[in-house]
Amino acid sequence: MGRDKVLPDVQLALRPGIVEFGWGHPSGDLLPVADMQRAAGGALARAGVAVLSYGAPQGPGRLVEPLAARLGRVEGEALTPERLLITGGVSQGLDLLCTLLTQPGDSALVESPVYHLALRILRDHGLDLVPVASDAEGLRLDALEDALAQTRRRGRPARLLYLAPTFTNPTGRTLSPARRAGVARLAAAHDLLVVEDDVYRELWYDALPPPPIGSYGGSANVVRLGSFAKILAPGLRLGWMVADPALVQRCVRGGLLDSGGGVNHVTAHMVAEYMRLDLLDPHVAALRAVYRARRDTLAGALQRYLPPGCTFETPGGGYFIWVRLTEGLDAAALLPWAEAAGVSYLPGTLFHSDGGGRGHLRLSFSMLSPAEMGQGIERLGNVLRQAAARG
Ligand SMILES: Cc1ncc(COP(=O)(O)O)c(C=O)c1O
């Protein structure tokens, strides 16, 4: 039987004629193919059979040791290797935590707005999601206290809070130091496990972000998920978890790692070799320079083409700019018009577990050239101007 459809190799699917601000993927031209080829060859040459064997459940020592040292160096938080677990990226780390630590029907607190695909993972585990509002300084502590009280009243006290406090997706905002300390304090007081998704931490463009939440105290209550997806390549499916040694051991002894060994063991060896060759730090520095310029280009285009009444904040890092529309406009309702005009984005409702966010949209600057961004935002500005005029 003939096949008329070729199955895709990648998740990204671009539509001709549309400037796609919706995809939060790294730029293909920034993926280090040649250096990875060198690292793959080097890993097999140096570690041979160990690369192709079942891996140590915590991750190969060749990666765990230098990664612990690197995280201590770039994040200023000294880290012993027993606090580190190699994962298949933030998504797999979050899924594993839910598998081991939650039951369907448990309450889970989520910052709002929040990374929309983390909501998918939490929902896969049947968790009852309770949004916690945020503002320009990030998660609001009063809202967190209210949510904790609400779940206690309902007889299902929340045991888990998921948030991405640094250059977050979708708003680009960063949780202030005072609120980090507050989250750490509340977590310890309420026996709450904070899952800190830190995937954009190294992509800062103006100044280093505040230290991770666990460094403000109560680190036994905080699990931090990191990833090579944004600083190296998402196809590696490689990341890490920083947690209390007892929780790392819980994961190591769980069925998944006991049966299959460490996840993504071959790519873990490749990345260990990439780091041994001292390629990672210069690569991240180069990414910062490129993405900083793209952020500035997108902010400049928005300044120029957005109609009055639409506002945005320029983020200090990450991939995204969050736009607030003129009062009364609905980003989801406008999307078909925008796409017909040749520009796409993600509507704000996707990032709320409770239907909020109608007046916002998310733009990603990670993948587009300056010319594309200028053209796309000019189109978006026209659509928004016409929609506001129609009333
Ligand atoms: C906040 C956030 N967390 C996690 C991820 C995915 O991480 P990983 O590829 O390591 O699973 C993304 C990707 O867009 C993200 O924006």
#### Entry: Spin-label zone in the range 78-105 - amide nitrogen under 11 Å from a point set 7 Å from the Cα of Ala13 along the C-beta vector
none
### Query
What is the distance, in nm, between label points placed 7 Å from the Cα along the Cα-to-Cβ direction at Glu82 and at Ala286?
3.9 nm
### Query
So for Asp4, Asp354, Asp135, what's the accessible-area order with a 1.4 Å probe, most first?
Asp4, Asp354, Asp135
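May I ask for the Rg/Rh ratio of the range 299-368, computed from Cα atoms with Rh as the Kirkwood radius, given to two decimals? Walk me through the intermediate numbers first.
On the way: Rg = 11.9 Å, Rh = 12.7 Å.
Dividing the radius of gyration by the Kirkwood radius yields 0.94.
So which GluC sites (Glu not before Pro) in the range 311-391 pass both tests, a DSSP loop state and at most 16 other Cβ atoms within 10 Å of the Cβ? Mind dumping the intermediate values first?
Numbers: sites: Glu313, Glu327, Glu339, Glu372, Glu378; in loops: Glu313, Glu327.
Answer by residue number: Glu313, Glu327.
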### Task
Tally up the carbon and sulfur contribution to the accessible surface of the chain as a whole percent, 1.4 Å probe, everything protein left in place.
54 percent
### Query
Which one of Ser369, Leu329, Gly41 has its Cα pushed farthest toward the positive end of the charge dipole of the chain, where Lys and Arg give +1 and Asp and Glu give -1 at the Cβ?
Leu329
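With a/c under 1.5 counting as rounded, go ahead and sort the range 339-391 into rounded, prolate or oblate using the C-alpha gyration tensor (a ≥ b ≥ c being the square roots of the eigenvalues; past the cut-off, prolate if a/b is larger than b/c, else oblate). Kindly include the intermediate steps, with their values, before the conclusion.
Values: a/c = 2.92, a/b = 1.22, b/c = 2.39.
Oblate, because a/c is 1.5 or more while a/b does not exceed b/c.
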#### Entry: D_trans [Stokes-Einstein, Kirkwood Rh over alpha-carbon pairs] for the chain, 25 °C, 0.890 mPa s, µm² s⁻¹
112 µm²/s
### Query
Got a sec to turn the phi values of the range 14-26 into Karplus ³J(HN,Hα) couplings, 6.51 cos²θ - 1.76 cosθ + 1.60 with θ = phi - 60°, whole Hz, x for Gly and Pro?
8, 9, x, x, 10, 7, 9, 8, x, 7, x, 9, x
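What's the extension gain from Gln303 to Glu372 if we count 0.36 nm per residue and subtract their Cα-Cα distance?
Contour length minus Cα-Cα distance gives 23.3 nm.
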### Message
Taking the Cα centroid of the range 19-76 and of the range 291-306, what is the distance between the two, rounded to the nearest whole Å?
### Response
31 Å
### Task
Treat every Asp and Glu Cβ in the chain as -1 and every Lys and Arg Cβ as +1, leave all other atoms uncharged, and give the resulting dipole magnitude about the Cα centre to the nearest 20 debye.
180 debye
## Note on the structure
As a percent rounded to 5, the proportion of antiparallel DSSP bridges among beta bridges in the chain is 50 percent
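Taking each pair of distinct Cα atoms in the range 133-248 once, what is the resulting Kirkwood hydrodynamic radius in Å? Walk me through the numbers before you get to the answer.
Values: mean 1/r = 0.0675 Å⁻¹.
Hydrodynamic radius (Kirkwood, Cα only) of the range 133-248 equals 14.8 Å.
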### Task
Quote the relative contact order of the chain in percent (integer), defining contacts as alpha-carbon pairs under 8 Å separated by 6+ residues.
23 percent
### Message
From the convex hull of the Cα coordinates of the range 1-88, what is the mean projected area in square nanometres?
### Response
10.8 nm²
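At most 10 other Cβ atoms within 10 Å and a DSSP loop assignment: could you name the trypsin sites (Lys or Arg not before Pro) in the range 220-284 that fit?
On the way: sites: Arg224, Lys230, Arg237, Arg250, Arg253, Arg276; in loops: Lys230, Arg237.
Nothing satisfies the criteria.
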### Message
Between Arg276 and Asp296, what's the calculated FRET efficiency when r is the beta-carbon distance and R0 is 35 Å? Round to 0.05.
### Response
0.55
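Heavy atoms only, 1.4 Å probe, whole protein assembly: order Thr151, Thr311 by accessible area, highest first. Don't jump to the answer; show the numbers that get you there.
Details: Thr151 0, Thr311 70 Å².
Result, largest first: Thr311, Thr151.
Once Rh is set to the Kirkwood radius over Cα pairs, what Stokes-Einstein translational diffusion coefficient, in µm²/s, holds for the range 32-172 at a temperature of 37 °C and a viscosity of 0.692 mPa s?
Details: Rh = 17.9 Å.
The calculation lands on 183 µm²/s.
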### Message
Expected output is a single nm value to one decimal: the length gained when fully extending between Ala188 and Asp4, i.e. 0.36 nm times separation in residues minus the C-alpha distance. What is it?
### Response
60.5 nm
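Length gain on complete extension for the stretch Ser176 to Arg123, per 0.36 nm per residue less the alpha carbon to alpha carbon distance? Numbers along the way, then the final one.
Numbers: separation 53, 0.36 × 53 = 19.08 nm, distance 2.82 nm.
Contour length minus Cα-Cα distance gives 16.3 nm.
The values are calculated or read from the model by the stated rules, or taken from the named source; none is laboratory data. Owing to the predicted nature of the structure, the values given are computational and were not obtained by experimental measurement. Don't worry about glycine lacking a Cβ; one is built from the backbone with ideal geometry, like all the others, and counts go over all protein chains shown. All accessible areas refer to the heavy atoms of the entire protein, side chains included, with ligands and DNA or RNA removed. Shrake-Rupley method; radii C 1.70, N 1.55, O 1.52, S 1.80 Å.
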